[in-house]
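The values are calculated or read from the model by the stated rules, or taken from the named source; none is laboratory data. Computed from a predicted structure; not experimentally measured. Cβ placement follows ideal geometry from the backbone for every residue including glycine, while neighbour counts extend to all protein chains displayed. Heavy atoms of the whole protein, side chains included, go into the accessibility calculation; ligands, DNA and RNA do not. Shrake-Rupley method; radii C 1.70, N 1.55, O 1.52, S 1.80 Å.
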Amino acid sequence: MKVFATAAVLRKGSFNRKLINLAANKMREDGHEVDLADFAEFDMPLYNGDIEKTPDGALELARRISEADACVISIPEYNYSLPGILKNAIDWLSRMDDVPVAGRTMSLISASPSLVGGNRGLWQARIPLECMGAWLYPGMFSLAMAAKAFNDDGTLVDPALEERLVYVLRDYLTVTAAHNAR
Ligand SMILES: Cc1cc2nc3c(=O)[nH]c(=O)nc-3n(C[C@H](O)[C@H](O)[C@H](O)COP(=O)(O)O)c2cc1C
């Protein structure tokens, strides 16, 4: 299966970048092809209805999502919600003639230095994505205390948490294969 994976961040030392890298490695170990993108590749202006031409960054994001069978995004929690760069990208995607996430499955994961993880932000991110017709996988993996959670090699300090991540990814891709075969 071809999986599009990205973290909705620009920060170089981002925990969500680390988490999506780990997720991509795990999916590759399971034999999947992973298109791992840096969100900086999808540079785009703030949504403005007066701009008639869809920005190239939004078109590129749409193309990469459309070319994949599945989509995993790691999303930081900002103020109990989704970060502005992701909401802005969603708004651009939602105005396209062919909305790229419509009818497709998506899996949302998160890493946060807080004690509770980034789950509240993931719930908020589901709303506009479901509005656009995406099928959101319910098992959202959320890594708490992310500053202490990673080993130097990018694996997780707690093997039980890493097993949980692998379970979530495998289950998501199994469900997606059935969804796509309908
Ligand atoms: C604008 C802003 C709002 C934030 N709000 C939250 C929050 O609501 N919950 C939380 O757990 N962390 C919050 N944080 C802390 C982020 O989880 C932390 O900066 C994290 O490292 C961001 O993800 P990254 O490491 O992938 O860049 C916030 C950070 C910023 C910059």
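Residues being within 16 Å of the ligand (Cβ to nearest atom) and farther than 25 Å from residue 163 by Cβ: count how many of those fall in region 10-41.
Qualifying residue count for the region: 8.
For (1) out of contact with any strand residue (DSSP E or B) (no Cβ under 8 Å at 6 or more places or on another chain); (2) more than 19 Å from residue 142 (Cβ to Cβ), each residue gets a yes or a no:
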position: 50; (1), (2): yes, yes
position: 59; (1), (2): yes, yes
position: 66; (1), (2): yes, yes
position: 79; (1), (2): yes, no
position: 83; (1), (2): yes, no
position: 98; (1), (2): yes, yes
position: 120; (1), (2): no, no
position: 123; (1), (2): yes, no
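Which residues, counting only those in region 65-83, are within 23 Å of residue 52 (Cβ to Cβ) and open to solvent by 20 Å² or more (accessible area, probe 1.4 Å)?
Matches in region 65-83: 66 only.
Please determine whether any residue of region 53-64 is among the acidic types (Asp, Glu), within 15 Å of the ligand (Cβ to nearest atom) and surrounded by fewer than 17 Cβ atoms within 10 Å (Cβ to Cβ).
no
Among the residues of region 15-35, how many are open to solvent by 60 Å² or more (accessible area, probe 1.4 Å) and either in contact with a strand residue (DSSP E or B) (Cβ under 6 Å, 6 or more places away or on another chain) or assigned to a helix (DSSP H, G or I) (or both)?
The total comes to 6.
Among residues belonging to region 101-138 that are open to solvent by 80 Å² or more (accessible area, probe 1.4 Å) and under 16 Å from residue 8 (Cβ atoms), point out the one that is nearest to the ligand (Cβ to nearest atom).
120
Looking at 75, 90, which is the one that is modelled with pLDDT of 95 or more and away from the ligand (no atom under 13 Å from the Cβ)?
Criteria check complete, one pass: 90.
Among 181, 125, 146, which is the only one that is aliphatic (A, V, I, L, M), touching a residue at least 40 places away in the same chain (Cβ under 8 Å) and out of contact with any helix residue (DSSP H, G or I) (no Cβ under 6 Å at 6 or more places or on another chain)?
Exactly one residue qualifies, and that residue is 125.
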